[in-house]
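Below is one structure, written out as structure tokens, with a few remarks after it.
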Amino acid sequence: MCGIVGYIGKKDIDNILLEGLKRLEYRGYDSAGIAVVNNGKINATKAVGRITELEKKITGDVGATVGISHTRWATHGEPTENNAHPHLSNDGKLALVHNGIIENYQEIKGRLLLSGHKFISETDTEVLAHLIGEKYKGNLLEAVQAALVEVRGSYGIAVVHADEPNRLVAARMGSPLIFGVGEREYFVASDVSAFLGHTNKVIYLNDGDIVDITDDSYKIYDIEQNLI
Ligand code: GLU
């Protein structure tokens, strides 16, 4: 299990995410990646090896409104670019980063394959991205909630969708996830050190919590899907 950093706000998203990932580097990782929502599209970049390799490939996402990033410690599939996160949904409009292990991914993958989904990685994580994408009917929170009830295993996840450029949804179960509240900006991370330079208003999410963040507000739901 390695690192997650997500950001919604007005600052330079690539910078915030890369800086956050670098603060998590001490935990070790084999590959890294980033995805932002920009101009109605997901723009994802991944690299095997150091974060500096990822940094070299990023072309600059002026106008991006929300982003997620990841350092991977492979559990399912070799450390390759295709297996690196973020993973996308079948239609390419949803991006997800994940720490942990989806135990029943093979079962879910089998069903998705039968309904025509195409996978590019060997990871358990890509299955979760496709599952949430399949549930998506215009509301990212509802799609995440609907998918997670079908999932067994451990996860810290952060998810964005191209059709909702001012929204970031994150959830945890058995894997750490921290939520940071700034001045009209919000952070999620697997470790508080990723964003401490920006805010010290920190909320430690509990297992089963889902946080639904927009550019100017947030709501946290517990495992029973009740608003906290
Ligand atoms: N199980 C996932 C994978 O192998 C996530 C690994 C991680 O926590 O970095 O891609």
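Since every read-out is calculated from the coordinates, none of them should be taken as a lab result. Note that the coordinates shown come from a computational prediction; the quantities given were computed from them, not determined experimentally. Because the Cβ atoms are built from the backbone with ideal geometry, glycine has one as well, and the counts that use them run over all protein chains shown.
Under the rule a/c < 1.5 gives rounded, and otherwise a/b versus b/c splits prolate from oblate, where does the stretch 121-163 land using the Cα gyration tensor? Walk me through the intermediate numbers first.
Numbers: a/c = 1.81, a/b = 1.39, b/c = 1.30.
Since a/c reaches 1.5 and a/b is larger than b/c, the shape of the stretch 121-163 is classed as prolate.
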Can you tell which of Tyr29, Asn83, Ile58 lies farthest toward the positive end of the dipole of the chain, using +1 and -1 charges on the Cβ of basic and acidic side chains (Lys, Arg; Asp, Glu)?
-> Ile58
Among 23-31, 160-168, how do they line up from the highest to the lowest mean number of other beta-carbon atoms within 10 Å?
-> 160-168, 23-31
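Can you give the local net charge around Gly28? Use residues other than it whose beta-carbon is closer than 15 angstrom to its beta-carbon, Lys and Arg +1, Asp and Glu -1.
Values: positive: Lys22, Arg23, Arg27, Arg50, Arg72; negative: Glu25, Asp30, Asp191.
Value of the local net charge: +2.
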In terms of the alpha carbon gyration tensor, root eigenvalues a ≥ b ≥ c, rounded if a/c is under 1.5 and otherwise prolate when a/b exceeds b/c or oblate, the stretch 172-228 is oblate
Lys and Arg at +1, Asp and Glu at -1: neighbours of Ser217 with Cβ under 11 Å from its Cβ sum to 0
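Would you mind classifying the stretch 1-139 by shape? Square roots of the alpha carbon gyration tensor eigenvalues, ordered a ≥ b ≥ c; an a/c under 1.5 is rounded, otherwise it is prolate if a/b is larger than b/c and oblate if not. Each step should come with its number before you reach the end.
Numbers: a/c = 2.07, a/b = 1.29, b/c = 1.61.
Oblate is the answer for the stretch 1-139, as a/c is 1.5 or above yet b/c matches or exceeds a/b.
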Under a 5 Å amide H to amide H cut-off, with H placed in plane at 1.01 Å, what residues pair with Ile42 once short-range neighbours are removed?
-> none
Counting alpha carbon pairs within less than 8 Å and at least 6 residues apart, what relative contact order, in whole percent, applies to the stretch 76-194?
-> 25
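In percent, what relative contact order does the stretch 166-210 have, based on Cα pairs under 8 Å that are 6 or more apart in sequence?
Working: 67 pairs, mean separation 21.3, N = 45.
It comes to 47 percent, rounded to a whole number.
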Please state the relative contact order of the chain as a whole percent: Cα pairs under 8 Å, 6+ residues apart?
-> 21
Order these peptides, 179-187, 73-81, 14-22, by their mean beta-carbon neighbour count within 10 angstrom, highest first.
-> 14-22, 179-187, 73-81
Could you list, in their original order, any pairs among Lys56/Lys118; Lys10/Lys118; Lys57/Lys219; Lys10/Lys46; Lys118/Lys219 whose Cα atoms are separated by more than 25 Å?
-> Lys56/Lys118; Lys10/Lys118; Lys57/Lys219; Lys118/Lys219
